Each structure stands twice: as structure tokens, then as C-alpha cells.
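The values are calculated or read from the model by the stated rules, or taken from the named source; none is laboratory data. The structure displayed is predicted, hence computed values, not measured ones. No Cβ is skipped: glycine too gets one built from the backbone with ideal geometry, and neighbour counts run over all protein chains shown.
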Amino acid sequence: MKKTLKKRAFISAIAMLIVSAIVLTSSTFAWFAMATQVNVDSMELNITSLDGIVFSANTTNWTTSLTSADFTNVQSSTQRYGAYADNHNNFPSKLAPVSSSCFTRGQYPTFYVASIDDKGILTSKKFTSDYSTTASDVGGAFVAFDLFIKLATNETVTWNCNLNVNEGDAEDALYAMRVAVVKVGIVAEKADAADIQAIKPKENSDTTMFEINNKKHIATAGVANGVAATTKPLAAELPSYNVGTEHIVTYVGAIRDVDCTYATDTTAKTFAAAPGVTKIRVYIWLEGQDCDCESAIAGSIMNCGLSFSIV
Amino acid sequence: MENKGKSILGVISDILLIIIIIIAISITVMTFTSKNSDLGIGNVLGYTPFAVQSNSMDSGEKSGFAEGDLIITKEVKNVNDLKIGDVVTYSAVLANNEGKTVRGYNTHRIYDIRYTPNGTIQSFITMGDAVGVEDTIEIAPDDVLAKQINSGIDENGNKMNGMKIVNFGTALEFLQSRTGFMVCIIVPLALFFIWQIYKLIAMFLEAKAEDIDEETKRKAIEEYLAKQAEQKSGDAETK
């Protein structure tokens, strides 16, 4: 009898030990699983809808507000609003001067990065925003991302943009910033990367480039306020640099006119959208050809608020 | 008296241990289900508690709730079942303490529902009971995660009292934090595990000591009986 009782006591003690080991192990595992990684971006982007328009970064899950984290994370079971797999969204750690005229007839815009060496030789590198080539815009010093808007009827969508920096040193750079919204076309819901990236913009008029504060200039620009600055600076407004025998401002290979719909603070920024899912591609960059262009924005976080509403 | 005290202490510690184990299992289940959930929120049998972070729903009425409270919600499987007056938890972009905008959860009451021309829900317009003004950003159907149990408007037009536990939100938040979970769950469980090992070893040693004791006693008895037998036979020879 005594032996039986002892045996039972042993079995009970071993069972309690096993139970406590299981609970402790799973709790400790859960404790490790609690830690989440957070992406820290150089740009804080907020996209909001003012009329219940729904957006997506992946054509599957729809919401009325998105942040830069949604575009830099890939959609998964824990990243419901993340970008579609194999996307070409680009959020560089540093924005550097680039230039684009936003020509989008049958193609995505091309961006140029230019520099002058000690001998005065101008060199430039081209970033082609074409998913199918190796010279894609991923890796360039400008922001680019795909955004999808879902509508039930034909609508004219209007958008607006607020830009500011969180530290004063780079505030002047705002005067040379550009935001472009390229209306690309209709895609299916829950589309994959191949279908999403196969369509291209059709007309230049489907692209709107917005220049913030285009008639206000920084002191070091040497240009009076009230004179509009565009992607192609006027020769009389800029200090000149010699490139061989040519002044840089007349080096036409590096400068183009704005080749899309151009918008300022006072002009409406709109595009027409059909029922269904419309893909737009958004670019945000520091325009190197702007007389207000400062050197790269480093060490500051730029805040960009994009809002969309229906006219 | 001492034994009585020990047994009361034993009962209290057993009860505390059971509570800790239940909480540990619940939080562990919630952590694992959140990792596999499409919505990123954990649940136990479909129910999710949320700790309230602000007073936007504290209108002073019983139907509201305040910062630090715990509300009990159930996952919304079909947004078409939602009605004006329901209190829903949804994914939203909010400003954190450092002024950065991050994705989080917010809980407000449905004030109105916007429909598309073909009759499907386009968005929900929400409002905090204490705010009194509609929220600027409307909520997409995909953003809605859960509904507070028993919330809504009754047939008389009065707000119903949704399920909540007053002031328990702060405690649960602490328990769900890495520090709180470590201090209140993992450390006691680890101590209990070590205590169980100690008890098992002590039982084993005690049983072994008892066996040795039994063996010694048995040998002593055998020797005594053998001596007795020897003496008896010696006496018989002498006679």
C-alpha cells in the first residue's frame, strides 16, 4: 500500500514537472516572439483619404490611410497593408539632387543624376523607371512607389501634398522638392507583380508634377522672389559654370523642359479615374535643376502628407 | 498549528500558481495567434481584449469607457453585419508619443455608413463619444477588426453598455509587455519549475533513504533472529 502511494506521488511529481516545463518553454518562446522589428525610414509619408476613397499598396487589402512603412514592407500575414511582392518601391536613406522632366508618353519617367568633377566635366547617370530593364529606379536617390485607388464610378480625383522637414537645417531644400503623380492605368484586384508592372502610362497629360513654392527662392539662389523656377532654369537666373566651352545652363543634354502637367500651390492637381482599381506611381525628389537646390538632405526626416479626395 | 499554517500557505500558493498558469497560457495563445492572424491581433477563442489608451470614448455614460479600461471584442467576420451605433476597433494611422505616425488600433462608435452606388459598403464614418465630432478619416471595410461585445443602440435608441472591465487595461498592457510578462509570468514559472525539480529529487532521496533504512532494519532483525536461534541451539546442547 505504502509502495503504491509512493509510486503515485512520484508519477504526480513527474507529471507536474512536465507540465511546468511545457508552459515555461512556450511562454518563453512567446516572450521572444513579442519583439517586433520596426522599419525606420528617412521619409515619413502619410497618405490619407478625405472622401472615403480607399487605397492599397498591394491591390488586396484596402484602407483609407497608408504610411511609408506600408510601402517598404512586403504584404504578409502580419503586414496586411504591405506592398505587393516584387514591388519596385524605393525609399532611399538619403535624398540627393536628381532631375526629371517627367515625360511619360508610353513610358515611366526617367531621372538623371549629374555631377561635375574637378576638371569641370559633367557626367550623368540615368535611372529608367522601367521595371523590365536593369537600370530601374530602385537604388536611386529619390522616392518612388506604386499606389492603387479603388473607385466604384468614374471620378475626378484631386490630390494635394504637404512637405516639411523635422529639423531646420534642411528646410530650404523644400523649395527644390517636386512631387509627381503618374496615372498609369487599370489593374485587377489581387493582381500580381507581373500584371501590375506590365502596364505603362499613356500620355504626358496623365502626369502632374507639383513644385512647392515655385516663386519663392532661398537667399543663396541669387534669384528674386516672384520669378517662377521650373525644371529648366532660365540662363539669366543662375550663376554659370563652365563645362568646356559651354555654360552648364545651356548644356541642353542635361536640361529639359517640364514635359507633363505642371502644378503649383494654387493650381488644382487632378486626374480622371475609371471604375475599378487605378494604379498610380508617385515620385518625390529633390530637383537638381532648380535654382533653390541645396545639397543632399541628410540627417533630417522629411514629412510628406499626401491627401486624395473626389472633386 | 504549524501544520495548519503550512497547509493554508500551500493552498494559497497553489491558487496563485494556477492563476499564473492560466494567464501565461492565455497570453501565449494570444501571441501565437497574432503572429498567424491576417489582422495581426491575437485572440483566445475569437475574443480579443484591448487596453484603452485615450479618453475619446469617455462621455461619462455607462456605455463609454476610459483610458486604462479593458474592452472585450469579437472579430468581425462580415462588415455587412455592422450597424450604426456599434463600437468597433479598426486599424488606423495614429501619432505616437514621439510624434511619429505609426499604424495602430483605434476604437470608436460607428456614426454613419457610406455606400457605393451598387449598394456595397464604401466606408464607415466613426466618432468618439466624448469628441462629439466625426473623425476626419473614414474607415475602409478592410480596416475594421473587431466589435465590442454587446455594444450598439437598443430599440429605444439608447447606447448599450458594451463589455468592459474597468481599470484592467493597464494591468493587461503591463502583462503583455516584455517586462511584465517576464516578471509576472516567466520568472514565477521558472521558480516553480526549479521547485518541482527540487521536490522530485527530495522525494527520490527520501525514498532511497527509506529503502536503506528498511534494509538495515531487515538485516538487524535477521541477525537478531539468527543470534536467537544460535542461543537456543547452544542451550539445547548444554542440556
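Some observations on this one:
- Hits in the range B:188-228 - residues which are closer than 30 Å to residue A:23 by Cβ, surrounded by fewer than 14 Cβ atoms within 10 Å (Cβ to Cβ) and aromatic (Phe, Trp, Tyr): B:198, B:204
- Among the residues making up the range A:1-48, those that are more than 7 Å from chain B (Cβ to nearest Cβ), modelled with pLDDT of 75 or more and closer than 30 Å to residue A:148 by Cβ are A:45, A:47.
- Residue B:200, sole failed condition from (1) in contact with a Gly (Cβ under 6 Å, 6 or more places away or on another chain); (2) part of a helix (DSSP H, G or I): (1)
- Taken together, the residues in the range A:130-149 that are under 27 Å from residue A:63 (Cβ atoms), in contact with a helix residue (DSSP H, G or I) (Cβ under 9 Å, 6 or more places away or on another chain) and either at pLDDT below 70 or outside the structural domain of residue A:105 (by TED's automatic domain parsing) (or both) amount to 1.
- Contact map, the range A:57-76: first residue at the interface with chain B (Cβ under 7 Å from one of its Cβ atoms), second residue of a type in the set (Gly, Ala, Ser), Cβ cut-off under 6 Å, separation 6 or more or different chains; pairs are A:62/A:56; A:62/B:140; A:63/B:140; A:64/A:49; A:64/B:140.
- Being surrounded by 14 or more Cβ atoms within 10 Å (Cβ to Cβ), in contact with a strand residue (DSSP E or B) (Cβ under 9 Å, 6 or more places away or on another chain) and more than 23 Å from residue B:43 (Cβ to Cβ) is a property that does not hold for residue B:74.
- Scope the range B:114-145; condition under 20 Å from residue B:56 (Cα atoms), in a strand (DSSP E or B) and within 14 Å of chain A (Cβ to nearest Cβ); matching residues: B:124, B:125, B:126, B:134, B:139, B:144, B:145
- From A:87, A:61, residue being over 21 Å from residue B:102 (Cα atoms) and modelled with pLDDT of 90 or more: A:87
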